[in-house]
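The values are calculated or read from the model by the stated rules, or taken from the named source; none is laboratory data. No experiment lies behind these values; they were computed from the predicted model shown. When we count neighbours, we look across all protein chains shown, and the Cβ atoms used for this are built from the backbone with ideal geometry, even at glycine.
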There are 2 protein chains.
Amino acid sequence: MLVVQKYGGTSVGSLERIESVANRVARAREEGKDLVIVVSAMSGETNKLIEYAHHFSKNPSKREMDMLLSSGERVTAALLAIALNEMGHKTIALTGRQAGIKTDNAHTFARIESIDTTRLEEEIGKGNIVIVAGFQGINEDGEVTTLGRGGSDLSAVALAGALKADACEIYSDVDGIYTTDPRIEPKAKKLDHISYDEMLELASLGAKVLQNRSVELAKKMGVKIVAKSSFSDAEGTVISDKEGESMEEVLVSGVALDKNQARVSLRGVTDRPGIAAEIFSNLAKENIVVDMIIQNASTDDGTTNLGFTVPQNQLEDAKRVMESFDHDLAGADYDESVAKVSIVGVGMKSHSGVAAAAFSALAKSGINIEMISTSEIKVSMIIDEKFSELAVRVLHEEFGLDK
Amino acid sequence: MLVVQKYGGTSVGSLERIESVANRVARAREEGKDLVIVVSAMSGETNKLIEYAHHFSKNPSKREMDMLLSSGERVTAALLAIALNEMGHKTIALTGRQAGIKTDNAHTFARIESIDTTRLEEEIGKGNIVIVAGFQGINEDGEVTTLGRGGSDLSAVALAGALKADACEIYSDVDGIYTTDPRIEPKAKKLDHISYDEMLELASLGAKVLQNRSVELAKKMGVKIVAKSSFSDAEGTVISDKEGESMEEVLVSGVALDKNQARVSLRGVTDRPGIAAEIFSNLAKENIVVDMIIQNASTDDGTTNLGFTVPQNQLEDAKRVMESFDHDLAGADYDESVAKVSIVGVGMKSHSGVAAAAFSALAKSGINIEMISTSEIKVSMIIDEKFSELAVRVLHEEFGLDK
C-alpha cells in the first residue's frame, strides 16, 4: 500500500513539530506502508523570505523569487529525513527536481506538466521513505519554479496521481471539513466524506485545509484525499468521488459563508449586444474580482437589470468604473456590506425542493434575500451582512447538519 | 575584463549588508567589468541549520546535510540578484548546479572535479551580472554536494580559474593579509602582495581571510586572488605568483603565531624500522592531529629522540597512546602550554642568515627555543606559551616588517 502524506507549514513549524511528524510517519511505516512525504517550509519561513525580497524590490524578478522561496521546503525535507534516519527508518530527501516534477515556465505560479517517477520508484523500491520538498519543480530549461500558495498540496496530489497511490493524506492544523464554520455554529459536524465538487463549492470552509487547485487536480487524476490534523489522531475527512462510493446521499453537505462581499445593482441597462461584456472587461482591466453575476431577462422597455458582487475593498473602484457607463444605465445601487451564504450538496441537483426550503427558512427568521444564484450543487444567497451568522445557523439546522 | 568577486557570511550578514554589497557590485559594473559574484549564506544561517540537524541526530546523513546546508547560499544569491535588478543592472542568480560546478561524491566535503562554463558564458554574453550560490555543486548522479567550511572561497577560485578571469576578489571583514596579528603587534602592516606559498605557510594569519584549500587551488590554476574588505575601500592584498611579478624580494613577509600547541618529546626511542610510522598511525587512529614532527639522527646507543606537537586539548589522548609504547621508550616529556611562532618569506630560501637572525633575536629577549622546524620558506619555533606575544613583536621588529 502506497500513501502520499503532505505536512503543511504549521505541522512542521518547529523542531518539536518536525519530531512529531517523524513519529507519525514512522508509525505509518511500521504498519507496512510505502510512503512518499511532501513537506512545506516551516511556518513563517516563506513569509520571512518574501519580506526580505521586498526589502530590495517591490516587484522582484519572479525567477529569482523561485530560487529564494524554494529553499524553505528543502530545509524541512532534509531535517525530516535526518530525523527518520536517526529513528532507524531508511529515508531519503529529494528536491522537486530530483522527484521528477516538471512544470511550465510561469515562475511563482507554475503548473505541473508531468512527473517522471523513475527516481521515486527506484527509491521506494530500495525500501526508502521518500521525503519530497513541496511547492517546487523545474521547467524544461532546468530553472527552479514554484507552484504558488498552497503549492505543496498540489505537489502531493500530483505525486499521488502519478504514482497511483492508494491515498493522499493532507495534514494541517484542522482535522477535516466541517458542515459549517464551528466558530459560527458550535453544532457543526465534521464530515466523514465529501465529493470533489462539493469541496470545490465549499472552498470557504475548506480554504484552511486545501485549495481548489489541488481539489481540481485530485478530481482530474482520481486521487483520494484524506484531510487530517497532524495535531491529533482524529479520523479526518475523505474527499473523493462520493457518488461512486455511496448510494446513500445527503442532500446538503455544508453551509459556507463569505462576508467579504459588496453588491452592485444596475437598473435599466441598455439592452444592446455586448454591454455586459464591456462592463465586465472594464472591471477586469482594473483587476476587480467579480464573484456572483446575475442578469434578469429584459423588461418590456428594452432594458435589463444586472447585478454582481465584488470584494468590499474594491467597491469604490467598481463605482468608478460604473460611472463611465452612466449613459447606458437608468441607475445604480451599491451595498457595501452584504454577505454570501451558500448551501452545497451533490444531492440537491435532483431535489428541487432544496432551494425553496432554504429561502423559506431564511424568510421565517426575517432575513431578506437580495440576490440568488444557483449551480448544479450550490445555492448562494446575498443577504445583509449583519444576518450572516444567524443565516448560517438557520440553514445548518434546516438541513439537519447537526444530526 | 572579467572579475570574480566572493562575499563571505559577514559581508552578507543582514539585508543592509546585502544592499551594501549590491552597491559595490554595481560600482564595479559601472566601471565596465564583466562580473561573476559568489556568495555565502548570511552569517549564522549555516550554523543554525547545523544545530537544527543535530537536534535530530548526532550523526546526520551527509547527503541530507548537503541538501539542508546548500539552501542558505541560494537565499543570498537570489536576494542579491533581486537587489541588483532593482538598481537597473541585469542580473541572474544561479545555483551551484546551474553554474556547472561538478564535484565528486564526498558529501559535506566534496571536491570540485570540473566546471562546465557553458551557461555561465551564455549569461555573461547576454550582459548579465551572474550571481552564484557558493559552497555547492552536484555530483554525477545529480545529488547536491557541499564543499566544506570555506567552500565558497573554493567556488570562487575554481570559477575564476575555469573562466580565466582577470582576478578573483575575496571580500571579508578583514582588509587583507598583515605581517602579523595587529592585536599582538599594533605596528603590523598590511601586505600589498604575497605569494601563494607564503600565504599557505601564513595560514594562521590568513585563516580569517581564506583557507589553504583555496590558496592551493589558486596556485594550481594560476588565479590571482585579491583579499579585500567589504566594509571599506582599502586596497587589499594580492595573492599571486610573487616571484614572477617582482624582482624586489622581501626576505620575511610575516610572523605567524599558533598558541594552541602542546609538545610531546620522546627520549631514547628504539631505532627499529617502522617505529615512527607505528607511533603516528596510532595517533591518527585516535584522530589526534599532529602538527610539527622532529626526529634527530640516531645517537650512538641505537636510539633516537622524537618530538611532535598536538593541539592542547588532545594532549591527554596523546599521552594515552604513548603509554602503549612504554617498552620502546626511555622516557617521555610533555609540555601542555607551548606556542609555535613562525617567520615566513619566499626570500629566505636563498638566505641562510634568516634562521640564525631569528634565533638570536629570541635569545636576546631571553626566550628559549624548545623545538625548531624549517621548510623552504618558513622557520617555526616552539617556545613557552607565555612568551608568545613578545616573540611575535621581537621577530616583527628584527625583520623590519613595520617599515
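What the table below lists for this structure:
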read-out	value
Some residue of the stretch B:142-158 being within 18 Å of the chain's Cα centre (by Cα), of a type in the set (A, V, I, L, M, F, W, C) and in a loop (DSSP other than H, G, I, E, B)	yes
Wholly enclosed strands (runs of 3 or more DSSP E) of the stretch B:1-103 bearing at least 3 residues touching a Ser or Thr at 6+ places or on another chain (Cβ under 7 Å)	B:101-103
Subset of the stretch B:175-212 (residues that are buried (at least 23 other Cβ atoms within 10 Å of the Cβ), hydrophobic (A, V, I, L, M, F, W, C) and touching a residue at least 40 places away in the same chain (Cβ under 8 Å))	B:Ile177, B:Leu191, B:Ile194, B:Met199, B:Leu202, B:Leu205, B:Leu210
Residue match in the stretch A:145-157 (condition: within 14 Å of chain B (Cβ to nearest Cβ) and under 17 Å from B:Ser71 (Cβ atoms))	yes
Some residue of the stretch B:69-77 being over 30 Å from A:Ser20 (Cα atoms) and at pLDDT 95 or above	yes
Verdict on A:Ala41 being closer than 28 Å to A:Ile129 by Cβ and over 26 Å from the mean Cα position of the chain (by Cα)	no
Selected residue (criterion: surrounded by the most Cβ atoms within 10 Å (Cβ to Cβ)) from residues of the stretch B:50-64 that are within 7 Å of another protein chain (Cβ to nearest Cβ) and not hydroxyl-bearing (Ser, Thr, Tyr)	B:Glu64
The stretch B:382-403: number of residues that are free of Cβ contacts under 8 Å to residues at least 60 places away in the same chain and in contact with a Lys or Arg (Cβ under 7 Å, 6 or more places away or on another chain)	0
Test result for B:Glu397, surrounded by fewer than 16 Cβ atoms within 10 Å (Cβ to Cβ) and under 13 Å from B:Val255 (Cα atoms)	yes
Extreme residue, nearest to A:Asn47 (Cα to Cα), among residues of the stretch B:45-98 that are among the polar types (S, T, N, Q) and touching a strand residue (DSSP E or B) at 6+ places or on another chain (Cβ under 6 Å)	B:Thr76
Flag if B:Val174 is β-branched (Val, Ile, Thr) and not in a loop (DSSP other than H, G, I, E, B)	no
Residues located in the stretch A:275-310, provided they are assigned to a strand (DSSP E or B) and among the β-branched types (Val, Ile, Thr)	A:Ile293, A:Ile294, A:Thr303, A:Thr304, A:Thr309, A:Val310
Residue list for the stretch A:104-129, restricted to those being assigned to a helix (DSSP H, G or I) and either in contact (Cβ under 8 Å) with a residue 60 or more places away in the chain or not assigned by TED's automatic domain parsing to the domain that holds A:Ala28 (or both)	A:Leu120, A:Ile124
Elements of type strands (runs of 3 or more DSSP E) contained in the stretch A:191-274, each with 3 or more residues being at pLDDT 85 or above and touching an Asp or Glu at 6+ places or on another chain (Cβ under 9 Å)	A:225-229, A:237-240, A:254-270
Of residues in the stretch A:89-126 being more than 12 Å from chain B (Cβ to nearest Cβ), of a type in the set (A, V, I, L, M) and within 15 Å of A:Leu163 (Cβ to Cβ), the one surrounded by the fewest Cβ atoms within 10 Å (Cβ to Cβ)	A:Ile124
Tally, over the stretch A:25-44, of residues that are at pLDDT 95 or above, surrounded by 14 or more Cβ atoms within 10 Å (Cβ to Cβ) and out of contact with any strand residue (DSSP E or B) (no Cβ under 8 Å at 6 or more places or on another chain)	3
Residue list for the stretch A:1-24, filter: touching a Leu at 6+ places or on another chain (Cβ under 7 Å) and either under 15 Å from A:Cys168 (Cα atoms) or more than 12 Å from chain B (Cβ to nearest Cβ) (or both)	A:Leu2, A:Val3, A:Val4, A:Gln5
Enumeration of residues in the stretch A:70-88 that are surrounded by fewer than 24 Cβ atoms within 10 Å (Cβ to Cβ) and more than 8 Å from chain B (Cβ to nearest Cβ)	A:Met87, A:Gly88
Pick from the stretch A:4-15, criterion farther than 20 Å from A:Gly88 by Cβ and not hydroxyl-bearing (Ser, Thr, Tyr), ranking: surrounded by the fewest Cβ atoms within 10 Å (Cβ to Cβ)	A:Gly13
